[in-house]
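Please read the structure below before turning to the comments.
The values are calculated or read from the model by the stated rules, or taken from the named source; none is laboratory data. For clarity, every value in this text was computed on a predicted model and none was experimentally measured. FYI the Cβ positions are ideal-geometry reconstructions off the backbone, even for glycines, and counts take in every protein chain you see. Accessible surface is based on the protein model in full, side chains and every heavy atom, while ligands, DNA and RNA are left aside. Shrake-Rupley method; radii C 1.70, N 1.55, O 1.52, S 1.80 Å.
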Amino acid sequence: MTRLQSAAELEDYRAKLLSVRDPAKPCIAVCAGAACDGLDSAAVASAFAAEIKKQAVEAKLDFRVTGCHGYCNKGPNVIAGPGDICYFEVKPEDVPDVIACTLKGEVLDRLVYRDPVSGEKAVHMNDVPFYKHQMRILIGDIPRIDPKRIDDYLAVGGYASLTKALLKMSPEQVLAEVKKANLRGRGGGGFPAGLKWETTRNAPEKTKYVIVNGHEGESAAFMDRAMLTGNPHKVLEGLIIGGYAIGAQQGYIYTRHDSPQMAEHIQAALVQAKDLGLLGKNILGSGFDFEVELHFDVGIFVSGESSALMRSIEGHTPEPRPKYIRTSVSGIWDKPSNLNNVETWANVPEIIGRGADWFTSIGSEKSKGTKLVSLSGNVVNSGVVEVPMGTPLRTIVFDIGGGVPDGKAPKAVHLGGAMGGSLPISMIDAPLDFDEMSKLGAPIGAGGLLVMDEDTDMVEIARYLLDFLVEESCGKCVPCREGMWQMLKILTNITQGKGRKFDLDRLADLAEVTSLGSLCALGKTSSDPLKSMLRYFKDEYEARITAGSQAQ
């Protein structure tokens, strides 16, 4: 692979790629996302490769194995083109028929989507209910990209935003554009990314770092994995642009150790980007030098906390440190370090390429752009969803998710994973907005959305989440270590019919002390699920305590 020395050479390279690619040529994309992989999409992909070779149609048909297509419970998924024809629950024995229909420009009816009630079929992606209510800006290209081939990313316009930033904008202009876009961090807090970048840029230390937080330890969250596995170059492009704006020459991608496919794709992206001249010294002749290293966690949830993550990169035990020391000013090796999550970085090329005005035209008044959501639980359609900020939860749960299966009534939705909150179904019209969700006691967090039906035990849900957090706490500070354990003990007693009438007051007191006294976000927000339960489902807790007392 020839190292490119200028923007002109990159555009020449892109033009040559596109000149030999016919958009009307039949193509097949097999999803190899985590859910489809678990349903043996590898066997489907192998069957396609073997059948294409057997029929000697390599020249007539483009074939690729991609990242997650989003519709997780309908896998293995296959998208055929032109036309984005969606096939679901594909088996190896279906492969010859899919190839035959794709080459003829026909549709294989037996594998397309059918409405579970009316039986009405939907052939093309934009007609399938799961997809048609989304705005797939960040993940829309994934079915068109082999994540291990940089050429596929370049063919859809990849690294054009990097070229624009490095050669047509100053670092100050890039920073100003991100601030104007009001990009808020997608990792949970919703803090303005531009302000965080500015703090790191203005810190007096010359050496600075930028970091992708791809840890995603939050329960029921799998958006970052889908993004990093399906289109790692988009995240990498955003990181390089951020490094340029902030004045950093070293970046890190910090992610989980237990996803070998994701690690393979990230490593391939780093190698290919460097070989092509998009990483390393003097990127595209701009004079900007930038390197990226991949680091893995040590298998505990608290590794994803900002200061703990940075200690882990340094080679230390991932324990949080007091928050009066801001990592934006003193992070890795006490140098200014800017940390954003995967989704935040992935938005950066879109903002620089299309402009802040375009970005702010999407979303709600104070929460701009789109949001990736992991939709799971008691819902007909589960998977990775992308919708404009401000979208009503009803749209996500019912229009995209198809509602609750088996004729059962919906009871609640839970947002934000183990440190999030639950809302009763009566609040289903609330908007997916950072500020509105926080006011309701169910912060968006990274974006996990769990649907619960009428049979869900809300006391058991709170106990389960606290049990997870107790196991994952580093144990460094007393309020977190002891406060969570005491809350878990009380909740366990209630679920076992041993609750007492003053337990709810004790839980409320413990929740307050733990949230105020803990060192990091794990402890500070560990009681959030319980707080939301006592706010909206207190009668259920009282009923369990009363029933237990009467049985004793």
Legend entry - Top-ranked residue of region 96-122 - restricted to ones that are aliphatic (A, V, I, L, M) and surrounded by 17 or more Cβ atoms within 10 Å (Cβ to Cβ), ranked as farthest from Asp399 (Cα to Cα): Ile99
Legend entry - Residues of region 147-164 satisfying the condition of being open to solvent by 20 Å² or more (accessible area, probe 1.4 Å), touching a residue at least 24 places away in the same chain (Cβ under 8 Å) and under 23 Å from Gly243 (Cβ atoms): Gly157, Ala160, Lys164
Legend entry - Where a residue in region 484-504 is touching a residue at least 12 places away in the same chain (Cβ under 8 Å) and within 18 Å of Asp539 (Cβ to Cβ) and its partner, wherever it lies, is among the small types (Gly, Ala, Ser) and surrounded by fewer than 16 Cβ atoms within 10 Å (Cβ to Cβ), with Cβ under 6 Å and at least six apart: Gly497/Ala551
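Can you confirm whether Gly243 is in the same structural domain as Trp197 (by TED's automatic domain parsing), touching a residue at least 12 places away in the same chain (Cβ under 8 Å) and under 18 Å from Val342 (Cβ atoms)?
yes
I'm trying to understand the selection: among the residues of region 378-401, which are open to solvent by 40 Å² or more (accessible area, probe 1.4 Å) and under 21 Å from Pro116 (Cβ atoms)? Steps first, answer last, please.
Keep residues of region 378-401 that are open to solvent by 40 Å² or more (accessible area, probe 1.4 Å), which gives 378, 380, 392, 394, 398-399.
Matches in region 378-401: Asn378, Val380, Arg394, Phe398, Asp399.
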Inset, instruction - Identify, from the list Arg21, Arg64, the residue that is crowded, with 19+ Cβ neighbours inside 10 Å and closer than 20 Å to Leu103 by Cβ. - result: Arg64
Inset, instruction - Might you let me know whether region 102-114 holds any residue that is out of contact with any Cys (no Cβ under 8 Å at 6 or more places or on another chain), under 30 Å from Gly377 (Cβ atoms) and in a loop (DSSP other than H, G, I, E, B)? - result: no
Inset, instruction - Go through Val348, Val302, Val373, Val329 for me and flag whichever is closer than 26 Å to Ala430 by Cα and either over 22 Å from the mean Cα position of the chain (by Cα) or crowded, with 17+ Cβ neighbours inside 10 Å (or both). - result: Val373
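Go through region 155-185 and count every residue that is of a type in the set (A, V, I, L, M, F, W, C) and either in contact with a Lys or Arg (Cβ under 7 Å, 6 or more places away or on another chain) or in a loop (DSSP other than H, G, I, E, B) (or both).
Narrowing region 155-185 to residues of a type in the set (A, V, I, L, M, F, W, C): 155-156, 160, 162, 165-167, 169, 174-176, 178, 181, 183.
Remaining after also requiring either in contact with a Lys or Arg (Cβ under 7 Å, 6 or more places away or on another chain) or in a loop (DSSP other than H, G, I, E, B) (or both): 155-156, 169, 175, 181, 183.
Residues in region 155-185 being of a type in the set (A, V, I, L, M, F, W, C) and either in contact with a Lys or Arg (Cβ under 7 Å, 6 or more places away or on another chain) or in a loop (DSSP other than H, G, I, E, B) (or both): 6 in total.
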Legend entry - Long-range neighbours under 7 Å by Cβ, at least six apart or interchain, first residue open to solvent by 40 Å² or more (accessible area, probe 1.4 Å) within region 269-289, second modelled with pLDDT under 95 and charged (D, E, K, R): Asp275/Arg3
Legend entry - helices (runs of 4 or more DSSP H) completely within region 267-370 that count 1 or more residues being more than 30 Å from Val470 (Cβ to Cβ) and at pLDDT 95 or above: 342-354, 356-360
Legend entry - Which numbered condition Ser170 fails, given (1) hydroxyl-bearing (Ser, Thr, Tyr); (2) under 21 Å from Asp289 (Cα atoms); (3) open to solvent by less than 30 Å² (accessible area, probe 1.4 Å): (3)
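Does region 423-447 hold any residues that are among the hydroxyl-bearing types (Ser, Thr, Tyr) and either closer than 21 Å to Asn341 by Cβ or touching a residue at least 60 places away in the same chain (Cβ under 8 Å) (or both), and which are they?
The initial filter retains those residues of region 423-447 that are among the hydroxyl-bearing types (Ser, Thr, Tyr), namely 426, 438.
Residue satisfying the conditions is Ser438 alone.
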Inset, instruction - Please note which helices (runs of 4 or more DSSP H) are completely contained in region 1-100 and include at least 1 residues that are among the small types (Gly, Ala, Ser), under 29 Å from the mean Cα position of the chain (by Cα) and not assigned by TED's automatic domain parsing to the domain that holds Gly287. - result: 34-38, 41-55
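Any chance region 29-40 includes a residue that's over 25 Å from Ser374 (Cβ atoms) and at pLDDT 95 or above? Working first, answer last.
Taking region 29-40 first, the residues over 25 Å from Ser374 (Cβ atoms) are none.
No, because not a single residue in region 29-40 is over 25 Å from Ser374 (Cβ atoms) and at pLDDT 95 or above.
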Inset, instruction - Give just the number: which of (1) crowded, with 22+ Cβ neighbours inside 10 Å; (2) touching a Lys or Arg at 6+ places or on another chain (Cβ under 9 Å) does Ala430 not satisfy? - result: (1)
Legend entry - Number of positions in region 186-220 that are part of a loop (DSSP other than H, G, I, E, B), open to solvent by 10 Å² or more (accessible area, probe 1.4 Å) and closer than 29 Å to Lys439 by Cα: 9
Inset, instruction - Kindly list the number of the only condition in (1) under 28 Å from Pro171 (Cα atoms); (2) in contact with an Asp or Glu (Cβ under 6 Å, 6 or more places away or on another chain) that fails for Asn341. - result: (2)
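Give me the residue from region 248-266 that is outside any loop (DSSP other than H, G, I, E, B) and among the hydrophobic types (A, V, I, L, M, F, W, C) and, out of that set, nearest to Pro232 (Cα to Cα).
So, considering only residues that are outside any loop (DSSP other than H, G, I, E, B) and among the hydrophobic types (A, V, I, L, M, F, W, C), the one nearest to Pro232 (Cα to Cα) is Ile266.
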Legend entry - Failed item, numbered, when Ser422 is tested on (1) open to solvent by less than 10 Å² (accessible area, probe 1.4 Å); (2) in a helix (DSSP H, G or I); (3) of a type in the set (S, T, N, Q): (2)
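Any chance you could count how many residues in region 331-368 are over 18 Å from Gly242 (Cα atoms) and not charged (D, E, K, R)?
We begin by selecting, within region 331-368, every residue over 18 Å from Gly242 (Cα atoms); these are 333-334, 357-358, 360-368.
Adding the requirement that they be not charged (D, E, K, R) leaves 333, 358, 360-364, 367.
So the count comes out to 8.
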Inset, instruction - State whether the residues of region 230-240 include one that is under 12 Å from the mean Cα position of the chain (by Cα), within 25 Å of Ser330 (Cα to Cα) and crowded, with 24+ Cβ neighbours inside 10 Å. - result: yes
